[in-house]
Amino acid sequence: MADQLPDIAVQDHVVVELAPNGQPPVALRGRIGGLTDDALWLTLSDGGADPGLVSLTTGHPLRLMIQTPDRVWEAESTLVARRSRPGGQVLLLVKRPVAALPIQRRRAHRMTVPATVRLLSVTGRPDSPGEIGAVEAQVRNLSAGGVQIETNVSLNVGERAMLALALPPDVSVVAEAEVIRIEQPPGGPTSLRFVAFRFLGLTEQDENRIVHRLFEIQRQRRAV
């Protein structure tokens, strides 16, 4: 059920999903560059490289995924105007949505995803980064706030590790994380652990890349 779209602000991140005439749907990332009571100016940093935008005309339907500080929202809109800027930027003037569907809490929502993690180092351990880096673990669930993995590596709550996350097809993130919970899977090998990490100091860019990819996966699953 749709809710009234809460206050949104300039610089909020947005993903514009569109289906250019006769072409497959595409998703373009950007930010809200300006807003009025009736419209939004969207600045798409990667829009200039997409030829599908050329065929868009006034009134073309768009789906917006707007990231406010604590939640991701999905809303329907239509194109009002399009302008190009030097450097490949594209400005879209779109109708301001009134209602939106809350998709997820920005950081708290966790999803089961086909991703892997490599343990690069553990703070305070005598192991060299090269030795730990040979260990690859399967991701059980992921959010912009943390990750849970399956591993045989012995870890303790409170320890910190450098993790290299690979989320297909194109998201790779290296970040420090702290162990916050360890579980023994029922009926599993005695050495196997489910280890939950909280990301520390994740950059805004990397957090947005994770959020965008998780949203795309969620959209794909809902469409099946």
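Throughout, read-outs are computed from the coordinates displayed, never taken from laboratory work. The structure displayed is predicted, hence computed values, not measured ones. Note that each Cβ is placed from the backbone with ideal geometry, even for glycine, and that neighbours are counted across all protein chains shown.
Here are a few things to note about the model shown:
- The residue 123 and residue 89 beta-carbon pair, evaluated with R₀ = 35 Å, returns a calculated FRET efficiency of approximately 0.30.
- Computed FRET value (nearest 0.05) for residue 192 with residue 29, which takes r as the C-beta separation and R₀ as 41 Å: 0.65
- Between residue 37 and residue 112, residue separation times 0.36 nm minus the direct Cα-Cα distance comes to 23.2 nm.
- Packing here is the average count of other Cβ atoms within 10 Å per residue, and on that basis the peptides 71-77, 137-143, 95-101, 181-187, highest first, run 71-77, 137-143, 95-101, 181-187.
- Under-5 Å amide H pairs with residue 5, H placed in peptide plane, nonlocal only: 99, 100
- Estimated FRET transfer efficiency (residue 4, residue 170; beta-carbon r; R0 35 Å; 0.05): 0.55
- Under 5 Å between amide hydrogens, built in the peptide plane, is the criterion, and for residue 60 it picks out 79 among residues at least 5 positions away or on other chains.
- Full-stretch length increase - residue 184, residue 101 - with 0.36 nm per residue and alpha-carbon distance subtracted: 26.2 nm
- Here the Karplus relation 6.51 cos²θ - 1.76 cosθ + 1.60, evaluated at θ = phi - 60°, turns the backbone of region 160-169 into coupling constants of 10, 9, 8, 10, 10, 8, 10, 10, x, x Hz, with x for every Gly and Pro.
- The 3J(HN,Hα) values that the Karplus relation (6.51, -1.76, 1.60; θ = phi - 60°) gives for region 83-99 are, in residue order, 9, 10, 10, x, x, x, 6, 10, 9, 10, 9, 10, 5, 6, x, 9, 10 Hz. Gly and Pro appear as x.
- Remark: spin-label model distance residue 11-residue 205 equals 1.7 nm, labels positioned 7 Å along the Cα→Cβ axis.
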